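Report on the structure given below.
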Amino acid sequence: MLLLRLRADDFLGGCGRRTRQFTFAVTVRATGPITLTEHDDAVWADPSDLPAVSDETRGLLAG
């Protein structure tokens, strides 16, 4: 799966909450380099071996 990290300054009016989150599934033929425009990091990850993510994100990915 592709995990993207929002830029640190991507917050709603200084209230400390994220402005949006989109979670969706697609099938890709191959993984490769990612060109980022609204995020500051991306990683292809195996669902059984996730990198450091929040408990909330881990729960969401677990289904």
Once phi is turned into ³J(HN,Hα) by the Karplus curve 6.51 cos²θ - 1.76 cosθ + 1.60 with θ = phi - 60°, what whole-Hz value does each residue of the stretch 29-45 show in order, with x for glycine and proline? 7, 8, 9, x, x, 10, 9, 8, 10, 10, 10, 10, 7, 8, 8, 7, 10
Label points 7 Å out from Cα along the Cβ direction at Met1 and Asp40: separation in nm? 2.3 nm
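None of the figures in this text is laboratory data; all of them are computed from the coordinates on show. Worth saying up front: this structure is predicted, and the values here are computed from it rather than measured. Heads up, the Cβs are rebuilt from the backbone with ideal geometry, glycines too, and the neighbour counts pull from every protein chain shown.
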